[in-house]
Amino acid sequence: MNTHFSFQGFDTVDLAKKYGTPLYVVSEDLIREKCRAVHESFLDLYPNTEAVYASKAFLTKAMCKIIESEGLGLDVVSGGELFIAKEADFPMGKVIFHGNNKSLEELEMAIDYGVGRIVVDFEEEVNLIEYLAKAKEKRVNCLFRITPAIEGKTHKYIMTGQKDSKFGIPLELDSLKALVESTLKSPWITLLGFHFHIGSQLFENHIYDGAIQTIGRLAKELKMDQGMELQELNVGGGFGIQYRGDEKTKSISFFTELIMESVTKVFGGFELPVPKIIIEPGRWIVGEAGITLYTIGAIKKIPGIRTYASIDGGFPDNPRPALYGAKYDALIANKVLEEKVDVATIAGKCCESGDILIWDLEVPTLDSGDILAVKNTGAYNYSMASHYNKIPKPGVLLLSAKEANIIVKRENYRDLIQNEEMPGHLK
Ligand SMILES: *Cc1c(COP(=O)(O)O)cnc(C)c1O
């Protein structure tokens, strides 16, 4: 019997040996399964819908290719993300460009590339887009991001829809109406509709109701006052997945059914046509498709207090536990059949007491050299990695049906100084 943890048919202990640790491992099949569920439970079920993958969760050129081949669009939030999409030849018409402080250069890049939509996050941004679009004689499709004043039940660092937020245009009816009115007159901007994003790692589906109601009411007012036809409503992402101690991951239909029901009811109630509905899942697509492999080194037993097992990574490759107390589940990949007789706290190798990856994990008897496999690290791990303590970033291995391919090389020490320059007087 195999005593090793197998992920998508690959022996993870072998992977650790062959590619070294720490190592991000991502399954192409699991990503595609999620994309297909989005088709089956949402896109194929309701006419006039669209799904875009929120690329900030995990973005590489190979990921762009997978998303493109699954027929989803891409949501980007910076010039860097946009550049990677372009380098992967992602169809620009299917790109949505977000950001609460897009620079003039980033906006220019988005317009030059011909992105499908730019999501306006603050009033003056309309003027910037207008100015650039006019100069380039290119019409630009926009959505307005509205702060719906809804609080998602999630950590406050990943809550975005509350009134006191750095994101979106506040729902002050008079100023919003004036902005819509002037935008509708612009020969260079097509205002297609609105966007909101309540937050991330949500498990409630009714949370979208209030925001949809708010937008419906707004659409009615704008229709009556300005004759605006709302063509699109982008309801953002935020669909949660199961980490340690969380509820089980919900199906996409758990969210989309209620969203569609709510949209139909609200817009029907206001006697308005139902706009195109766009969703932007990030974590839900890729979170469960990834694991991270580490090697356990120092094991410190403090009698009567705690056992610390230190790994060869931590905060630099996964800052989420330190950032907002995110909880992960893990197992000892080379000892899956052994009884869990101990409890250990998994510590990262950074010089920060807060660099604890997992508190009080049940484990078999640990030995230095054991391989730790942390589950559900596909989202917001690689994309949030840093060089703190000058630890090179791990590589990313993509597991496909029959083969494994490195899609991001492990960094080496040279990579750490590649952008450094020495002033003459210090040479
Ligand atoms: C982060 C973000 C998403 C995706 O959030 P997930 O929780 O990963 O689904 C979608 N839309 C916008 C605007 C975002 O900022």
Fill in the blank from the handout: Those strands (runs of 3 or more DSSP E) completely within the range 260-323 that have 2 or more residues that are over 19 Å from Glu362 (Cβ atoms) are 276-279, 290-302
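Residue-wise test of (1) among the small types (Gly, Ala, Ser); (2) touching a Phe, Trp or Tyr at 6+ places or on another chain (Cβ under 9 Å); (3) surrounded by 15 or more Cβ atoms within 10 Å (Cβ to Cβ).
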| position | (1), (2), (3) |
| --- | --- |
| Leu337 | no, no, no |
| Cys350 | no, yes, yes |
| Val374 | no, yes, yes |
| Met384 | no, no, yes |
| Val396 | no, yes, yes |
| Asp415 | no, no, no |
| Leu426 | no, no, no |
Practice task
Answer yes if at least one residue in the range 49-58 is over 28 Å from Thr292 (Cα atoms) and touching a strand residue (DSSP E or B) at 6+ places or on another chain (Cβ under 8 Å), and no otherwise.
Solution key: yes
Problem - Matching option when the condition is charged (D, E, K, R), under 27 Å from Gly9 (Cα atoms), in the same structural domain as Lys300 (by TED's automatic domain parsing) and surrounded by 13 or more Cβ atoms within 10 Å (Cβ to Cβ), among Asp342, Asp370, Asp355 - result: Asp370
Problem - Near pairs, Cβ below 9 angstrom, 6+ apart or cross-chain, from the range 237-248 (at positive phi) to any residue that is away from the ligand (no atom under 14 Å from the Cβ) - result: Gly245/Lys327; Gly245/Asp329
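Can you tell me which residues in the range 61-94 are within 13 Å of the ligand (Cβ to nearest atom) and in contact with a Gly (Cβ under 6 Å, 6 or more places away or on another chain)?
Within the range 61-94, Val77 is the sole residue that qualifies.
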Problem - Boolean, Phe167 is in contact with a Pro (Cβ under 9 Å, 6 or more places away or on another chain) and either within 25 Å of Trp284 (Cα to Cα) or not assigned by TED's automatic domain parsing to the domain that holds Ile278 (or both) - result: no
Exercise for the section: Quick one: in the range 158-193, of everything that is basic (Lys, Arg) and closer than 19 Å to Cys142 by Cα, which residue is modelled with the highest pLDDT? Expected result: Lys185
Handout entry: Single condition Phe267 does not satisfy, out of (1) surrounded by fewer than 20 Cβ atoms within 10 Å (Cβ to Cβ); (2) closer than 21 Å to Leu45 by Cβ; (3) away from the ligand (no atom under 16 Å from the Cβ)
Key = (1)
Handout entry: Filtered residues of the range 351-388 (kept if at pLDDT below 95 and over 25 Å from the mean Cα position of the chain (by Cα))
Key = Cys351, Glu352, Ser353
Exercise for the section: Output the number of residues of the range 18-52 satisfying the condition of being in contact with an Asp or Glu (Cβ under 7 Å, 6 or more places away or on another chain) and in contact (Cβ under 8 Å) with a residue 40 or more places away in the chain. Expected result: 5
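The values are calculated or read from the model by the stated rules, or taken from the named source; none is laboratory data. Since the structure is predicted, the reported quantities are computational estimates derived from the model, not experimental observations. When we count neighbours, we look across all protein chains shown, and the Cβ atoms used for this are built from the backbone with ideal geometry, even at glycine.
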